[in-house]
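Chemist: This is the structure, below, for whatever I ask next.
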Amino acid sequence: MPDRGEKSKFVRENFEKIASHYDRFNDWNSFFLHRSWKNTLVRWLQEANPESVLDLCCGTGDIAFRISKLKSVRKLYAVDFSPSMLAFAKERLQHESTSRVVIQIGDAMDLKDWENSSLDAVTMGFGLRNVQDLRKCLREIHRILKPGGLFLNLDVGKVQNPAIRFFADFYFFRIVPWIGYALWGGKNEMFDYLPVSSLSYPSQEELKTILQQEGFTNIKYKNFAFGNAVLHSAKKEGGHKSIC
């Protein structure tokens with residue numbers, strides 16, 4: 001598995017390789033539940049009534065496609081650092097106006113294309129644990145959000161119940177890689193990396209604390225599948241928008 005200095009390169013290169021299998025992998029390893037979790041993210045987003053949204057680490061555009069259906073959204077940016085992933089996102093969003101939906105290469109730790117306090121909302125789906133510097137990424141998200149702006153992050157969580165955690169860990173670390181191998185047609189280290197990446201990723205409460213330390217307020221989260229996945233909601237202080 002990559003060390004911290006090589007993480008970005010490793011993730012980019014390997015997501016390039018598995019892009020065509022990624023959606024089916026998500027369906028199979030979550031028993032299709034990821035679709036419901038993403039729908040919940042979009043419902044929380046809809047309550048904020050945003051006009052401008054950045055879907056960061058958008059992958060194949062699964063969440064961005066859902067966001068594009070929200071009537072309030074006038075500008076949607078779908079950003080990822082993998083060209084192969086973005087090719088699938090472009091196909092998924094091909095019927096959307098290019099003036100309304102912008103699909104582009106970008107670095108989650110350097111959002112230089114957006115000015116300070118310029119967006120109503122930022123979303124991430126299973127991307128935050130893959131960035132090389134989590135805090136730097138969060139600082140960039142905080143910077144580009146308008147006062148009162150919303151950050152929604154869906155990612156893996158930590159199961160608290162010891163009995164359930166035993167079975168969850170066995171499935172995640174032993175079975176999930178083999179699901180990837182079956183789709184890939186052989187062993188692939190990216191499918192080993194995906195569960196291992198959760199080991200250094202913060203727990204629900206730890207991420208809440210980090211978000212607070214990086215200037216976010218009104219933080220809450222919702223567990224899915226006993227805490228195997230979690231949706232965090234946080235906002236940038238200020239403004240008058242009703243957030244969730």
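Chemist: Just to check your reading of the model, which residue among Leu154, Leu207 is of a type in the set (A, V, I, L, M), surrounded by 18 or more Cβ atoms within 10 Å (Cβ to Cβ) and assigned to a strand (DSSP E or B)?
Modeler: Leu154
Chemist: Right, here's the next one. Which of the residues belonging to segment 88-103 are under 19 Å from Glu16 (Cα atoms), surrounded by fewer than 20 Cβ atoms within 10 Å (Cβ to Cβ) and among the aliphatic types (A, V, I, L, M)?
Modeler: Listed by number, the list is empty, since nothing qualifies.
Chemist: From the set of residues in segment 105-117 that are in a loop (DSSP other than H, G, I, E, B) and in contact with a Leu (Cβ under 8 Å, 6 or more places away or on another chain), which is nearest to Asn130 (Cα to Cα)?
Modeler: Once the filter is applied, the top-ranked residue is Ala108.
Chemist: Moving on to the next point. In segment 130-173, which residue that is of a type in the set (Phe, Trp, Tyr) and in contact with a strand residue (DSSP E or B) (Cβ under 9 Å, 6 or more places away or on another chain) is nearest to Ser30 (Cα to Cα)?
Modeler: For segment 130-173, the residue satisfying everything is Phe172.
Chemist: Yes or no: Val101 among the aliphatic types (A, V, I, L, M) and more than 26 Å from Ser197 (Cβ to Cβ)?
Modeler: When the stated conditions are applied, Val101 passes them.
Chemist: Do we find that Glu16 is more than 21 Å from Phe191 (Cα to Cα), in contact (Cβ under 8 Å) with a residue 60 or more places away in the chain and out of contact with any His (no Cβ under 7 Å at 6 or more places or on another chain) in this structure?
Modeler: Taking the combined requirement at face value, the residue does not satisfy it.
Chemist: Would you mention how many residues in segment 176-216 are within 18 Å of the chain's Cα centre (by Cα), under 27 Å from Glu13 (Cβ atoms) and among the aliphatic types (A, V, I, L, M)?
Modeler: Residues that pass the stated criteria total 5.
Conditions (1) farther than 20 Å from Val53 by Cα; (2) of a type in the set (Lys, Arg); (3) touching a residue at least 24 places away in the same chain (Cβ under 8 Å); (4) assigned to a loop (DSSP other than H, G, I, E, B), marked per residue:
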{"site": "Gln160", "(1), (2), (3), (4)": "yes, no, yes, yes"}
{"site": "Ala168", "(1), (2), (3), (4)": "yes, no, yes, no"}
{"site": "Val176", "(1), (2), (3), (4)": "yes, no, yes, no"}
{"site": "Pro195", "(1), (2), (3), (4)": "yes, no, no, no"}
{"site": "Leu211", "(1), (2), (3), (4)": "no, no, yes, no"}
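Chemist: For the condition in contact (Cβ under 8 Å) with a residue 60 or more places away in the chain, of a type in the set (Ser, Thr, Tyr) and over 24 Å from Gln132 (Cα atoms), what is the one hit in Ser99, Ser68, Ser30?
Modeler: The match here is Ser30.
Chemist: Give me the residue from segment 214-225 that is surrounded by fewer than 16 Cβ atoms within 10 Å (Cβ to Cβ) and touching a residue at least 60 places away in the same chain (Cβ under 8 Å) and, out of that set, nearest to Arg174 (Cα to Cα).
Modeler: Asn223
Chemist: Answer yes or no as to whether Ile141 is within 27 Å of Glu47 (Cα to Cα) and part of a helix (DSSP H, G or I). Step through it out loud before you land on a result.
Modeler: Numbers: within 27 Å of Glu47 (Cα to Cα): yes; part of a helix (DSSP H, G or I): yes.
In short, yes.
Chemist: For segment 104-116, name all the residues that are over 13 Å from Ala78 (Cβ atoms), buried (at least 16 other Cβ atoms within 10 Å of the Cβ) and not hydrophobic (A, V, I, L, M, F, W, C).
Modeler: If the condition is that a residue be over 13 Å from Ala78 (Cβ atoms), buried (at least 16 other Cβ atoms within 10 Å of the Cβ) and not hydrophobic (A, V, I, L, M, F, W, C), then Asp107 is the only one that fits.
Chemist: Out of (1) buried (at least 20 other Cβ atoms within 10 Å of the Cβ); (2) within 19 Å of Asn218 (Cα to Cα); (3) touching a helix residue (DSSP H, G or I) at 6+ places or on another chain (Cβ under 8 Å), what's the single condition that is false for Leu145?
Modeler: Going through the list (1) buried (at least 20 other Cβ atoms within 10 Å of the Cβ); (2) within 19 Å of Asn218 (Cα to Cα); (3) touching a helix residue (DSSP H, G or I) at 6+ places or on another chain (Cβ under 8 Å), Leu145 breaks only (3).
No lab work stands behind these numbers, since they all come straight from the coordinates. A quick note: this is a predicted structure, and the numbers were derived from the prediction, not measured. Neighbour counts are summed over all protein chains in view; Cβ atoms, including those assigned to glycine, are modelled from backbone coordinates with ideal geometry.
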